[in-house]
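Q: First the structure, then my questions, so here it is.
Bear in mind these aren't lab numbers, they're just calculated from the coordinates by the rules spelled out. Just so it is clear, the structure is predicted and the values come from calculations on it, not from any experiment. Positions of Cβ are generated from backbone atoms using ideal geometry, with glycine treated the same way; all protein chains shown enter the neighbour counts.
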Amino acid sequence: MATLEGWQIFLIVLAGILALLFIAYQCILCWATRAYAKMVHDNTISVDDFVNEHPTPSQCLKCVLLNRFNVGNKIPSTEILELRVEESDKVAGLKVTFRSDVSTKQESAAAKHSGTKKPPLVVGTIRMGFGHHRIAYAATSWGLGDASRDVYFHDLLNIESEEANMIQDTDKMYSKFSRIASEWGGPIEKLWGSLTLSGDADSLRVTCQMAHYLSPIVSGLDKKSPIVASHSLVAAAAVAAGYENVINLVIDNYAQWFTVVPGALNLVQGPTNYHNFLKMGIPPSQLQLAGHWIPKELVDDIPTTCQWRIQRRVDGKPVRMLIPVGGAGAQRSFVCKLVAALAPMVKFGKVQLLLNAGDHAHMKQAFEEVLHQVDLEYSIVP
């Protein structure tokens with residue numbers, strides 16, 4: 001009997017290992033398919049029907065693992081969190097929702113509006129940076145003039161609960177990775193960008209699945225209320241909780257599955273986005289072109305402010321540039337380079353910069369550092 005060469009033994013062992021790995025992977029895919037079917041069995045809305053495709057075994061595995069990453073071993077709660085409302089200290093006439101303190105027997109948000117008024121208009125958001133918050137405040141401005149109903153500002157992170165903590169943990173992780181990718185740049189930034197821009201059907205599946213765990217945060221409101229959401233997760237949670245009049249403000253102008261919500265009316269800001277969503281297969285009954293999310297007072301003042309801008313140019317005054325950094329503050333490197341590049345024009349009186357760091361202390365620090373580096377005087381607006 002011939003003796004096998006060393007390289008032959010190596011190939012046989014390698015082939016055996018690869019065969020075992022292939023068999024193990026196939027077994028995992030079989031498990032993932034069953035696990036996915038079990039995971040979505042009781043869902044209010046079928047994402048698979050909405051996107052008009054069923055996930056492959058590998059997609060099932062991806063969705064199951066990402067859902068486990070988001071919620072761990074938590075089981076969706078059927079508890080309805082009692083809410084209360086207080087007058088906003090920032091916007092006159094606006095009411096803000098909070099978690100009720102059952103021990104003090106406070107009047108619930110659902111009961112507060114009872115009487116002759118219509119069910120309140122609820123504007124839901126998640127304070128991840130200031131972008132979603134800004135859009136939510138813009139939406140409330142269009143409802144505050146209606147005396148027939150109250151307007152509630154419902155920030156999911158404002159409702160003290162296990163569900164709110166779940167959102168915060170996910171957001172912190174996203175923000176951390178976004179900043180790291182931006183600072184490292186190169187292949188790392190491109191890889192992170194490809195992951196965050198691939199808002200495919202699987203992303204929507206994961207979003208809607210997580211929304212079922214957040215239902216208790218919205219279930220304490222009047223089910224007859226219209227809910228306007230400045231974050232797709234809020235809209236998905238409202239749909240999962242059984243609300244039938246849900247409006248999702250599609251915040252991004254890049255058509256992706258995870259920015260729309262099945263079962264809601266999805267409003268988009270531009271015609272290109274609208275037509276791209278139609279091409280993707282979004283039912284026309286769940287999609288509408290609306291325009292940009294701008295506060296009513298700014299819209300009302302457009303003729304006046306445009307005249308002011310024209311007069312500033314006539315008078316030779318510097319062009320004002322407002323540069324906000326939202327989301328996770330991931331564009332720190334780019335914005336700091338932009339500020340440095342504009343520094344000569346600022347010194348010559350051609351440009352005036354207004355830098356908005358939002359909620360991000362690290363962005364404020366970065367702004368101050370680059371302003372010192374280019375020797376620009378500045379003042380801080382509290």
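Q: Quick check: convex hull over the Cα atoms of segment 336-376, volume per residue in Å³, rounded to an integer?
A: Output value, Cα hull per residue: 55 Å³.
Q: Still on this structure: Between Val13, Val261, Val85, find the one with the highest GNM mean-square fluctuation for the chain; connect C-alpha pairs within less than 10 Å.
A: Comparing Val13, Val261, Val85 in a Gaussian network model of the chain, the most mobile one is Val13.
Q: With no solvent and one equal point scatterer per Cα, compute the Debye intensity ratio I(q)/I(0) for the chain at 0.10, 0.11 Å⁻¹ and report its log10, rounded to two decimals.
A: Calculated log10 I(q)/I(0) at the listed q: -0.79, -0.92.
Q: Please enumerate, by chain and number, the lysines with C-alpha under 24 Å from the C-alpha of Lys38, excluding those fewer than 8 residues away in the same chain.
A: Here the lysines satisfying the reach criterion relative to Lys38 are Lys62, Lys74.
Q: Also, quick follow-up: Past 21 Å, Cα to Cα, is the threshold; run Lys117/Lys296; Lys95/Lys118; Lys296/Lys350 against it and keep the listed order.
A: Over 21 Å Cα-Cα: Lys117/Lys296; Lys296/Lys350.
Q: Using helices alone, I'd like the mean residue ellipticity at 222 nm for the chain: each DSSP H run of four-plus residues gives -39500 (n - 2.57), total over residue count, nearest 500. Walk me through the intermediate numbers first.
A: Values: 15 runs with 188 residues, N = 382.
Using -39500 (n - 2.57) per qualifying helix, the result is -15500 deg cm²/dmol.
Q: Could you check which residue among Pro226, Pro324, Pro120 shows the biggest mean-square fluctuation in a GNM of the chain with a 10 Å Cα cutoff?
A: Comparing Pro226, Pro324, Pro120 in a Gaussian network model of the chain, the most mobile one is Pro324.
Q: Under a cut-off of 19 Å between alpha-carbon atoms, report the aspartates and glutamates in cross-link reach of Lys176, not counting same-chain residues fewer than 8 places apart.
A: Glu189, Asp359
Q: Here is a further query. How about segment 296-382: which GluC sites (Glu not before Pro) there lie in a loop by DSSP and see at most 16 other Cβ atoms within 10 Å? Don't jump to the answer; show the numbers that get you there.
A: Numbers: sites: Glu297, Glu368, Glu369, Glu377; in loops: Glu377.
The qualifying sites are Glu377.
Q: Which shape class, rounded, prolate or oblate, goes with segment 274-360 when its Cα gyration tensor gives a ≥ b ≥ c as root eigenvalues, a/c under 1.5 marks rounded, and past that a/b bigger than b/c marks prolate?
A: Oblate, since a/c reaches 1.5 and b/c is not below a/b.
Q: Could you check which residue among Ile302, Ile282, Ile167 shows the biggest mean-square fluctuation in a GNM of the chain with a 10 Å Cα cutoff?
A: Ile302
Q: For Leu65 and His41, FRET efficiency with R0 = 22 Å and r from the beta-carbon atoms, rounded to 0.05?
A: Working: r = 18 Å, r/R0 = 0.83.
Efficiency at R0 = 22 Å is approximately 0.75.
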